[in-house]
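Student: Shown below is the structure under consideration.
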């Protein structure tokens, strides 16, 4: 039965109003291009400005303490002397050699530790007898200072790269494994059960359920594992020194101590510090942000 003209016009008008309301809501939800650029700039300044201000204040305090001559020059050099010591490493490329020797060792050690720790963490988290047997041992190894492994590694392997990698592994594997166990423990029990009901086997359940669900908590373990890898490497390079091992940041720090050159020592400390911060900001912070935002867990970093 055809509708009256008035009813048809009211229906069309209602449809147009609904479309207009929807378009208006979409416009409210979608920021303008200028607003989006302004928001990004504001967010960048909000994240970058506080560390810059903190660094400037730290250098100002350092300069003031040096000017006050509370400590002698050989104990507290001026900031410009430390910067000059770093600048000396740039023209001949020595700084890049130092960074390459240490960073590539840390990356290789971390990747090998990751390959060892993930299966270990999965076994500990899912097999109760194994968890009771070696779970406390893994936690104890995590609390053991990695520098304690350096003399043993040197006696086992001599002053070679394997000795350094052993120290890195023993420092990083417990942290990564415990991080994975902690992430799996935070998974709601219903998720693995649903996977079994849907026909997921043990390997498919680990790949498609356990690891993705544990990823936010596991990222904290990865960050801590990298920190332990970097610390362990510096301890190994600082103690196990040999021309066969090359000169990394730890060896550079050791040389500064042997020469009683405080500018060299502080320069090495700053380079070690900035590498650690750089890896955090360039690798782990964007990865953590993308994972958490994809799960709607946080919107601010």
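Student: Identify, by number, the condition in (1) touching a residue at least 24 places away in the same chain (Cβ under 8 Å); (2) within 21 Å of the chain's Cα centre (by Cα); (3) more than 30 Å from residue 212 (Cα to Cα) that residue 153 doesn't meet.
Tutor: (2)
Student: If you don't mind, another one. Output the residue which, of all residues in region 291-301 that are loosely packed, with under 13 Cβ neighbours inside 10 Å and over 23 Å from residue 49 (Cβ atoms), is modelled with the lowest pLDDT. Give the steps one after another, and end with the answer.
Tutor: Taking region 291-301 as the starting set, the residues that turn out to be loosely packed, with under 13 Cβ neighbours inside 10 Å are 294-301.
Restricting the remaining residues to those that are over 23 Å from residue 49 (Cβ atoms) gives 294-297.
Numbers: 294: 72, 295: 69, 296: 68, 297: 64.
Among residues in region 291-301 that are loosely packed, with under 13 Cβ neighbours inside 10 Å and over 23 Å from residue 49 (Cβ atoms), the one modelled with the lowest pLDDT is 297.
Student: How many residues does region 129-143 hold that are under 25 Å from residue 238 (Cα atoms) and surrounded by fewer than 13 Cβ atoms within 10 Å (Cβ to Cβ)? Let's see the steps before the verdict.
Tutor: Residues of region 129-143 that are under 25 Å from residue 238 (Cα atoms), as a first pass: 140-143.
Pick out the ones that are also surrounded by fewer than 13 Cβ atoms within 10 Å (Cβ to Cβ) and you get 140, 143.
Selection size over region 129-143: 2.
Student: If you check 225, 183, which single one turns out to be under 14 Å from the mean Cα position of the chain (by Cα) and modelled with pLDDT of 75 or more? Give the steps one after another, and end with the answer.
Tutor: On the way: 183 fails: under 14 Å from the mean Cα position of the chain (by Cα).
Exactly one of 225, 183 is under 14 Å from the mean Cα position of the chain (by Cα) and modelled with pLDDT of 75 or more, namely 225.
Student: Might you let me know whether region 257-277 holds any residue that is out of contact with any helix residue (DSSP H, G or I) (no Cβ under 8 Å at 6 or more places or on another chain), outside any helix (DSSP H, G or I) and at pLDDT below 80?
Tutor: No, the conditions are met nowhere in region 257-277.
Student: Of the residues that make up region 91-108, is at least one more than 25 Å from residue 231 (Cα to Cα), free of Cβ contacts under 8 Å to residues at least 40 places away in the same chain and exposed (fewer than 14 other Cβ atoms within 10 Å of the Cβ)? Steps first, please.
Tutor: As a first pass, look at region 91-108 and keep what is more than 25 Å from residue 231 (Cα to Cα): 91-92.
With the extra rule that they be free of Cβ contacts under 8 Å to residues at least 40 places away in the same chain, the set shrinks to 91-92.
Narrowing further to those that are exposed (fewer than 14 other Cβ atoms within 10 Å of the Cβ): 91-92.
Yes, there is a match, as at least one residue in region 91-108 is more than 25 Å from residue 231 (Cα to Cα), free of Cβ contacts under 8 Å to residues at least 40 places away in the same chain and exposed (fewer than 14 other Cβ atoms within 10 Å of the Cβ).
Student: Any idea which residue in region 177-193 is nearest to residue 214 (Cα to Cα), counting only those that are out of contact with any helix residue (DSSP H, G or I) (no Cβ under 6 Å at 6 or more places or on another chain) and not in a helix (DSSP H, G or I)?
Tutor: 188
Student: Residues that are within 14 Å of residue 121 (Cα to Cα) and modelled with pLDDT of 85 or more: does region 192-211 have at least one?
Tutor: There is no residue in region 192-211 that is within 14 Å of residue 121 (Cα to Cα) and modelled with pLDDT of 85 or more.
Student: Residues that are touching a helix residue (DSSP H, G or I) at 6+ places or on another chain (Cβ under 6 Å) and closer than 19 Å to residue 220 by Cβ: find the helices (runs of 4 or more DSSP H) completely inside region 86-176 holding 1 or more of those.
Tutor: On the way: elements: 94-126, 128-143, 149-157.
Filter on region 86-176 gives 94-126, 128-143.
Student: Just give me the residues in region 229-256 being surrounded by fewer than 20 Cβ atoms within 10 Å (Cβ to Cβ) and not in a helix (DSSP H, G or I), in sequence order.
Tutor: Of everything in region 229-256, those that are surrounded by fewer than 20 Cβ atoms within 10 Å (Cβ to Cβ) and not in a helix (DSSP H, G or I) turn out to be 241, 242, 246, 247.
Student: Would you please list the contacts, defined by Cβ atoms under 8 Å and residues six or more apart or on different chains, that run from a residue in region 271-297 that is over 19 Å from residue 110 (Cα atoms) to a residue that is modelled with pLDDT of 85 or more and part of a helix (DSSP H, G or I)?
Tutor: Listed by first residue and then by second, the contacts come to 271/86; 271/95; 271/98; 271/99; 271/249; 271/252.
The values are calculated or read from the model by the stated rules, or taken from the named source; none is laboratory data. Note that the structure is a prediction, hence the values are computed from the model and not measured. Backbone-built Cβ (ideal geometry, glycine too); neighbour counts: all protein chains shown.
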